[in-house]
Amino acid sequence: MTFAAVARVRAADIRACAAGLLRFAAPGELDALLADPLTAQAHTSYGMLNLTVVEAFLRRDGRPPAGLLSDPALSDPKSCLLGRLLDLDDPEVNGALFLSPAVPRNVLRQLAGQTSRRDGVTLVPLPAHVLQQAGSERLLNALLHSSDPDVAAHALRTLGRGAEPHGAVRACRLLLDTHRSYELRRLEEEDRLPEARWGPDESEPSVGAYVRAALRGQDGADRLRELSERVRRPERLASVAELGDAAGRDPLASAPLVRSVVHRRHPCAPRIDWCALLAAEPERRRRDGPFPYPVARLLALRPDTPYELLRLAVADHPHVAPLAPAPTAELLADVCERLALVGAPAAVKVAGNGFVMGTLTAEQIASILPPEALEPYAESLWLPGLRGTAAVRTLTGKDGDVVLRPFFCDETGHGAHRRLRSPLRRAHWDAAAVYGRQVADALRHRELSADEVLSMVSPDAVLAPGPAASPDPRVLRRLAELVHQNLGGRPEAWMVALRLLQDGFVGTLPELLVTAGAVAA
């Protein structure tokens, strides 16, 4: 009997291993699994956010898991999660986002003066305890955009001459409109207003100069109001022209008179008046034709885009389909009809996204994808979608052990521009560093298969690896197949597997999964 057969398999870090195992859970299974105490922090595994777990938390609790709001993944402009969290209209969630160092600057300014994402009017103020903690220059500059004159005045007074001109203009406009000119006069007398010229090539007079003119008469007040309207702020977009506004998407690409407050607008942050957009679209299309590409891309990225607009965007620009976070069977069929134009990798990505978000099943993917796309999908190594790949491989009879030849590959499933391993880092290719000494010793004598590697590793090596010790994705794909075959569709089997990982199991990791499935049966 080999050492691997008698070794006790036990997770050293059970919470990290539980999160890693849940990477291979389908959306329908997660709704039951997240009630387990071991899965309380399962939203991050393999060094990345598990969007499927986050969506399950939102379905189950209506709130994101603890610790998520400071996750750097929120700053990723390709993520659809930030928009989902803003759409909750939850003051405590907004407050946690406001205090997170990962949140982009334009979103901080939006949160400071947040109104309901549903009606665009009802104020959603930040909680008092958040305002008390907002003492850094970064947060105080964001609070200059608050809709509360007390908060804006406090931030302006605290920052003094160091206030950002954009926010200072908005705060001064608010004090002027709320009949608090006496506070502006006091700030001017105490020399607490920015006095430096600003704007492109310092073409604009100082904020203090605008305020002094506003205090002298109506003409000066009108000029301050006009200036504040030129300083772009988060708004409710209501037309295709506004969605495609190049200055709004990237203000630094052009040279606006006053640099935009919304700098590099996050694709999921702006509020969009979908009713107005839908009502105007038939006439707009008769007049102007298809969506411009930037608009189609933005519509594809948004998690709340109405389905009819999303299908129009994909029909106009099929290459944006892989950006859709939750594609349906109809959308996948649309992409497959244009396979000659977009290529098989696009259809593979759409199918993977749909399985991860629970809008597509393995049966639908296997029936819709044509052979030229089904084959690469079955060989896909995209980590978030490995459970879907495993399910399709099982359906099509492609599952089973694979010889690791070569032993490591650097493929990630994202294509040629995103690789898993660097040729310059020895640890990325060192079997002992990745899997442990037993695997490294066996590799000196023969080629190893995925099943053999899984029979010799500790659970932490493949479920909770370090950042420099990523398992080969072919090993993880085989692990996903074993999970699908032994635990799939049965939350009670998952619970048994988690308890065996926690308490210890005499045998290998594949045997643990088989035993958990048999016990639950």
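Points to keep in mind about this one:
- Residues in the stretch 384-442 that are touching a helix residue (DSSP H, G or I) at 6+ places or on another chain (Cβ under 9 Å), open to solvent by 70 Å² or more (accessible area, probe 1.4 Å) and among the hydrophobic types (A, V, I, L, M, F, W, C): LEU395, VAL403.
- When the stretch 171-210 is filtered for residues that are within 14 Å of ALA153 (Cα to Cα) and in contact with an Asp or Glu (Cβ under 7 Å, 6 or more places away or on another chain), only LEU175 remains.
- Lone qualifier among VAL350, VAL342 - being under 28 Å from CYS275 (Cβ atoms), in contact (Cβ under 8 Å) with a residue 24 or more places away in the chain and buried (at least 18 other Cβ atoms within 10 Å of the Cβ): VAL350
- Any hit, the stretch 115-137, residues being farther than 22 Å from ASP273 by Cα, among the hydroxyl-bearing types (Ser, Thr, Tyr) and out of contact with any helix residue (DSSP H, G or I) (no Cβ under 8 Å at 6 or more places or on another chain): yes
- Flag if ASP90 is out of contact with any His (no Cβ under 6 Å at 6 or more places or on another chain) and either surrounded by fewer than 16 Cβ atoms within 10 Å (Cβ to Cβ) or touching a residue at least 40 places away in the same chain (Cβ under 8 Å) (or both): no
- Any hit, the stretch 255-267, residues being part of a helix (DSSP H, G or I) and either modelled with pLDDT under 75 or touching a Leu at 6+ places or on another chain (Cβ under 6 Å) (or both): no
- LEU111 vs. criteria in contact with a Ser or Thr (Cβ under 9 Å, 6 or more places away or on another chain), part of a helix (DSSP H, G or I), buried (at least 20 other Cβ atoms within 10 Å of the Cβ) and in contact (Cβ under 8 Å) with a residue 24 or more places away in the chain: no
- Of residues in the stretch 93-108 being of a type outside the set (A, V, I, L, M, F, W, C) and in a loop (DSSP other than H, G, I, E, B), the one least open to solvent (accessible area, probe 1.4 Å): SER100
- Of all residues in the stretch 427-458, exactly one satisfies the criterion of being in a loop (DSSP other than H, G, I, E, B) and of a type in the set (S, T, N, Q), namely SER458.
- Residue ID - modelled with the highest pLDDT, chosen from residues in the stretch 445-463 that are in contact with a strand residue (DSSP E or B) (Cβ under 7 Å, 6 or more places away or on another chain) and closer than 15 Å to ASP401 by Cβ: SER449
- Counting the residues of the stretch 26-47 that are under 20 Å from PRO471 (Cβ atoms) and open to solvent by less than 10 Å² (accessible area, probe 1.4 Å) gives 2.
- Residue list for the stretch 115-130, restricted to those being in a loop (DSSP other than H, G, I, E, B) and either surrounded by fewer than 23 Cβ atoms within 10 Å (Cβ to Cβ) or modelled with pLDDT under 85 (or both): SER116, ARG117, ARG118, ASP119, GLY120, VAL121, THR122, VAL124, PRO125, PRO127
- Filtered residues of the stretch 463-516 (kept if in a helix (DSSP H, G or I) and of a type in the set (Lys, Arg)): ARG474, ARG477, ARG478, ARG499
- Any pair with Cβ under 7 angstrom, 6 or more apart, that starts in the stretch 72-84 at a residue that is over 19 Å from ARG118 (Cβ atoms) and ends at one that is at pLDDT 75 or above and open to solvent by 10 Å² or more (accessible area, probe 1.4 Å): PRO72/ALA102; ALA73/LEU49; LEU74/ALA102; SER75/ALA102; SER75/PRO104; SER79/ALA73
- Every residue from the stretch 48-67 that is open to solvent by 50 Å² or more (accessible area, probe 1.4 Å), in contact with a Leu (Cβ under 8 Å, 6 or more places away or on another chain) and assigned to a loop (DSSP other than H, G, I, E, B): ARG63
- Matching residues in the stretch 152-172 - criterion: being in a helix (DSSP H, G or I) and in contact (Cβ under 8 Å) with a residue 40 or more places away in the chain: PRO165, HIS166, GLY167, VAL169, ARG170, CYS172
- Residue within the stretch 426-443 that is under 32 Å from the mean Cα position of the chain (by Cα) and touching a residue at least 40 places away in the same chain (Cβ under 8 Å) present: yes
- Selected residue (only one of LEU175, LEU187, LEU215 is assigned to a helix (DSSP H, G or I), on the phi < 0 side of the Ramachandran plot and open to solvent by 10 Å² or more (accessible area, probe 1.4 Å)): LEU215
- Candidates are the residues of the stretch 141-164 that are among the hydroxyl-bearing types (Ser, Thr, Tyr) and closer than 16 Å to PRO125 by Cα; the one that is modelled with the highest pLDDT is SER146.
The values are calculated or read from the model by the stated rules, or taken from the named source; none is laboratory data. Note that the structure is predicted; figures quoted are calculated from it, not measured. Note that we place each Cβ from the backbone using ideal geometry, even for glycine, and neighbour counts take in every protein chain shown. Surface areas here come from the heavy atoms of the whole protein model, side chains and all, with no ligands, DNA or RNA. Shrake-Rupley method; radii C 1.70, N 1.55, O 1.52, S 1.80 Å.
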